[in-house]
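**Student:** I have a structure here, written as structure tokens, and I will follow up with some questions on it.
The values are calculated or read from the model by the stated rules, or taken from the named source; none is laboratory data. Keep in mind it's a predicted model, so treat the numbers as computed, not measured. Here the Cβ is made from the backbone with ideal geometry for all residues, glycine too, and neighbour counts use every protein chain on show.
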């Protein structure tokens with residue numbers, strides 16, 4: 001109990017913030033991307049799908065290594081960013097959000113794409129024929145029908161970002177309150193032979209992840225499956 | 001060395017443990033049979049050990065399987081039954097603990113290299129001859145290894161404290177989990193300055209580039225890197241032979257050349 005009180009819970013809150021912001025960014029970017037992937041006839045569809053799925057198969061160290069290079073003050077992204085804001089992206093919370101967005105991209109885009117494909121184009125066409133604008137039709141017809149996809153996307157995106165380690169390790173710099181997330185804190189405790197603290201934080205992450213996944217499965221069971 | 005070398009034969013009476021078994025093993029005649037030794041080595045020494053191992057295999061006929069990782073991870077693995085015979089740690093604390101906890105053979109622990117710390121930048125001229133003025137000057141990030149987990153990180157912190165600059169720079173510190181990652185931060189220009197190992201600054205990929213200030217050894221506790229014979233390897237002739245080989249003249253020459261000190 002004393003351990004629980006004496007523990008530094010900062011990394012847990014930081015991790016929750018990172019996962020939350022990342023999911024919001026991913027929904028904003030992932031929704032149009034998933035829609036396009038679901039219905040486009042473009043030849044670019046297959047290569048874009050492959051790019052979206054890349055973080056599933058690449059080791060996080062590959063992503064982290066490229067991001068460290070790209071987001072640094074001499075990098076193709078970090079350079080212009082530094083000219084604009086005064087500091088590069090590596091070792092910042094913003095940098096972690098960008099890294100996590102790429103890292104969790106497939107976990108948001110793929111469920112959304114699947115849901116949009118299941119809804120199909122028919123409901124949108126009907127709504128359009130009733131003079132709804134495209135956006136109006138999307139928000140009032142298509143996205144409620146794809147609710148199940150959204151729940152999966154939000155939860156998986158959030159949970160996957162919670163568990164992020166390799167990428168943050170490489171671009172974060174372990175700054176308390178800025179980039180020292182839960183997985184890094186656990187790693188540090190293990191390295192420092194502070195096994196009690198490592199156990200407590202690991203258990204917290206395990207329980208949290210289990211709860212999140214249980215909730216998503218429970219919700220999904222209750223939501224109706226919509227046929228096109 | 002010669003006859004003093006504790007060369008031993010495989011498969012001794014198995015029940016003996018700790019210091020006693022070392023004593024008994026020393027009385028045994030040397031064995032010429034080639035054996036296989038499984039070695040765990042701290043990542044920062046892996047490449048150097050690789051060079052030494054090549055010579056060792058050529059000279060003795062023994063075979064060596066090398067695994068590298070962080071000293072902390074290897075330590076935890078050994079405690080949980082990892083099948084290593086010898087451990088080359090990046091510090092002295094973990095080998096000592098393994099000895100105390102009965103996972104390593106008492107009396108086998110020795111310092112094989114002493115790490116040297118350097119303040120390095122990938123930008124030529126960024127580090128002046130005087131490290132104190134460089135650290136007092138303008139920069140956005142100073143990279144160092146995690147002082148809580150990595151020996152080089154602890155030495156970096158001690159150096160900053162000895163210079164009276166810890167509070168001055170602490171908000172600009174970015175931490176690598178280990179010295180390899182710290183070096184990556186600096187070589188990629190993500191951090192302008194960094195405390196890295198001299199062996200990294202002398203690595204062929206960057207040798208002669210950038211700028212550096214070698215930290216005087218009296219500013220931090222010595223970075224003793226120790227090796228230890230593990231209980232798994234106590235009857236393995238190749239394991240003890242390797243431990244001795246690393247301290248022979250030709251190995252020491254290699255270790256010093258790549259940027260470590262020798263005790």
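**Student:** Looking for something over 16 Å from the mean Cα position of the chain (by Cα), farther than 20 Å from residue B:236 by Cβ and surrounded by 17 or more Cβ atoms within 10 Å (Cβ to Cβ) - is there at least one such residue anywhere in the stretch B:77-86?
**Tutor:** no
**Student:** Also: So which residues in the stretch B:188-235 are part of a loop (DSSP other than H, G, I, E, B) and touching a strand residue (DSSP E or B) at 6+ places or on another chain (Cβ under 7 Å), if there are any at all?
**Tutor:** Matches in the stretch B:188-235: B:191, B:192, B:210, B:215, B:220, B:222.
**Student:** Hey, residue A:151 hits all of (1) surrounded by fewer than 17 Cβ atoms within 10 Å (Cβ to Cβ); (2) within 22 Å of residue A:55 (Cα to Cα) but one; which does it fall short on?
**Tutor:** The failed condition is (1).
**Student:** On the given criteria, is residue A:196 at pLDDT 85 or above, touching a helix residue (DSSP H, G or I) at 6+ places or on another chain (Cβ under 6 Å) and surrounded by fewer than 18 Cβ atoms within 10 Å (Cβ to Cβ)?
**Tutor:** Yes: the conditions hold for residue A:196.
**Student:** Let me ask something else about it. Quick one: in the stretch B:95-111, of everything that is closer than 30 Å to residue B:201 by Cα and surrounded by fewer than 24 Cβ atoms within 10 Å (Cβ to Cβ), which residue is nearest to the chain's Cα centre (by Cα)?
**Tutor:** B:111
**Student:** Can I ask one more? Give me a count of the residues in the stretch B:189-222 that are more than 11 Å from residue B:118 (Cα to Cα) and either within 16 Å of the chain's Cα centre (by Cα) or touching a residue at least 60 places away in the same chain (Cβ under 8 Å) (or both).
**Tutor:** Looking only at that region, the number is 10.
**Student:** Just need a number here: residues in the stretch B:36-61 that are crowded, with 22+ Cβ neighbours inside 10 Å and within 18 Å of residue B:201 (Cα to Cα).
**Tutor:** 5
**Student:** Quick one: in the stretch B:187-198, which of the residues that are within 14 Å of chain A (Cβ to nearest Cβ) and crowded, with 23+ Cβ neighbours inside 10 Å is nearest to residue A:78 (Cα to Cα)?
**Tutor:** B:190
**Student:** Residues that are free of Cβ contacts under 8 Å to residues at least 60 places away in the same chain: which helices (runs of 4 or more DSSP H) entirely in the stretch A:161-227 hold 1 or more of them?
**Tutor:** Where helices (runs of 4 or more DSSP H) fall fully within the stretch A:161-227 and carry at least 1 residues being free of Cβ contacts under 8 Å to residues at least 60 places away in the same chain, they are A:182-191, A:195-222.
**Student:** Moving on to the next point. Just checking, does the stretch A:213-228 include any residue being within 14 Å of another protein chain (Cβ to nearest Cβ) and over 20 Å from residue A:60 (Cβ atoms)?
**Tutor:** no
**Student:** A follow-up question, please. What residue, among those in the stretch B:168-186 that are within 24 Å of the chain's Cα centre (by Cα) and more than 10 Å from chain A (Cβ to nearest Cβ), is farthest from residue B:151 (Cα to Cα)?
**Tutor:** B:186
**Student:** On to the next question. If you go through the stretch B:132-159, how many residues are over 21 Å from residue B:203 (Cα atoms) and either at the interface with chain A (Cβ under 10 Å from one of its Cβ atoms) or touching a helix residue (DSSP H, G or I) at 6+ places or on another chain (Cβ under 9 Å) (or both)?
**Tutor:** Looking only at that region, the number is 12.
**Student:** Can you tell me which residues in the stretch A:108-134 are modelled with pLDDT under 85 and closer than 28 Å to residue A:21 by Cα?
**Tutor:** Across the stretch A:108-134, the qualifying residue is only A:134.
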